[in-house]
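Single-structure report; data block below.
Just so you know, all these numbers are worked out from the coordinates, no wet-lab data involved. Computed from a prediction, not measured in an experiment: that's the story for all the values here. Every residue, glycine among them, receives a Cβ derived from its backbone with ideal geometry; neighbour counts consider all protein chains shown.
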Amino acid sequence: MLRKTTRRIPPLLVAALLAGCAHYTPLPLAREATLAPTVAALDGADAATAIGSRLSISDVVTLALANNPDLRAARLRRGIAEGQATQAAILANPSLSGAFLPLLSGAGTVPAWNLGLAQDIKSLITYRARRRAAAASSRQVAADLVWQEWQVAGQARQIATDIMITERNRPIYVAAYELLARRNDKLERALAVRTVTLITVAPDRVALQAARTSLDALDQTLLAQRHQLNALLNLTPDAVVPLALAPDLPAFDPIAIRAGLSTLPARRPDLLALRLGYAAADEQLRVAILSQFPDLILGGSASSDNARVINGGPTAQIGLPVFDRNQGNIAVARATRAQLHADYAARIAGTTGTVGALLREYEQLAAQLAVARRDLPAARIAAARAQAAFGAANIDERGYVDLVSNRFAKEEEIMTLELALFDRQIALQTLVGDGLPTIDLPAEQAGTIR
């Protein structure tokens, strides 16, 4: 029985070693696009969404963060960084060497053998710095992912808001076109029976063509925005996304945004990612400096010759830094750290300037919108009076068309200013992260910039 048990030990040992090893499994590429046909088929779509309720801006952002294909790919990159951090936390394996030398000729009586065990000491010296660098790189990827989520959320907010505002104002374009079309039909019939001249009809034809061009351009823009939103949500181009009638953006406070610029570097993910990248580069420079010292391998060995004489003792192997003192890697590490230091300073300056510029543009657009809204009632009254006066033959055709067109032009101007104002607001809220995911930086990494 002892002999049978002894025979079973090697297979069991091999099986135990294989059980702890990674195994290959194939991962075939997709042969076709995996686009959702409806909003209800998206991840995160609840029962209310499935039955066709209108989506708010926050609903669109939630669906975009859960289904955007670029974000899904970016989240997998985090696993790569975590694997690199795991690898950096593992100590280098010792090396085992040995030889069995059968006796071929001579005065010996037995085969010779030798056995040695050694450990690379340099890998132990650089271990802590490599581990810190890998940890910072892993968190940098996480911060970059959050920044990418901010960008996707900002795009979802902007596209959905533009669609809502455009659809809300489309009836104005339709009304302008229909009014001018009806007027043009009457004039064309009158022109056919020669009760009016071509000079009388000309202003209506020009105004009708301009109204048609504006309506067609609006519909083209609206369709393109719909397609952009569907692509952002990983939907097929013909899928219908029912949106609310008005945007529900987070509360906007320009004063608070301006006051919070000083703390933005501690909150914005791209700036945190640059800080973590700088910390990783700083540790890589430490690794390069520590690696300039000679390679050192310590261990022990034992051997037996053909006459059964056994020897044993410590061993050491040291590299001679005659040519390579790691000066090239040190120069690269220094330059990388200096570049990241400059990139961080440039990003902070650019962020502060961009936020300040957008705030000033927002103030200008808000003032212009207030003026346009103030003038709109007068334009509407003038158009109504012109219509009545034209019916009573108290105003000519050109004056009537000009006053009616001015009313619709004023309403189109208000829509354009509203879109521009919302675009600035959404851009600012994306830059400062209002209502967006955050990332926390450990205290020991928060002070890594020197």
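Of all segments of the chain bounded by chymotrypsin sites (Phe, Trp or Tyr not before Pro) found in a DSSP loop with no more than 14 other C-beta atoms within 10 Å, the longest spans 25-322.
Among Leu243, Leu42, Leu104, the largest mean-square fluctuation in a Gaussian network model of the chain (Cα springs under 10 Å) belongs to Leu104. With the convex hull drawn over the C-alpha atoms of region 261-366, the volume per residue is 147 Å³.
Here the Gaussian network model covers the chain, with springs between Cα atoms less than 10 Å apart; of Ala112, Ala346, Ala142, Ala112 fluctuates the most. With the convex hull constructed from alpha-carbon coordinates only, the chain shows a mean projected area of 40.6 nm² over all directions. Where does helix 327-391 land angle-wise versus the long Cα axis of the chain, in degrees 0 to 90, nearest 10? For helix 327-391, the angle is close to 20 degrees. Measure nothing fancy, just the Cα-based angle from helix 127-192's long axis to the longest principal axis of the chain, in degrees from 0 to 90, nearest 10. Rounded to the nearest ten degrees, it is 20. Considering only Ala107, Gln220, Gly83, and ranking their Cα positions along the charge dipole of the chain that arises from unit charges at the beta-carbon of Lys, Arg, Asp and Glu, the one farthest toward the positive end is Ala107. Of all the options Arg72, Arg374, Arg157, the one that moves most in a Gaussian network model of the chain with Cα springs shorter than 10 angstrom is Arg374. About the centre of its Cα atoms, the chain shows a dipole size close to 1280 debye [charges on the beta carbon of Lys, Arg (+1) and Asp, Glu (-1) only; nearest 20 debye].
What FRET efficiency, computed as 1/(1 + (r/R0)^6) with R0 = 56 Å and r the Cβ-Cβ distance, is obtained for Leu103 and Arg334, rounded to the nearest 0.05? Computed FRET efficiency for Leu103 and Arg334 comes out at 0.50.
Treating each Cα of region 204-319 as an identical point scatterer and summing with the Debye formula, the log10 of I(q)/I(0) at q = 0.09 Å⁻¹ comes to -0.71.
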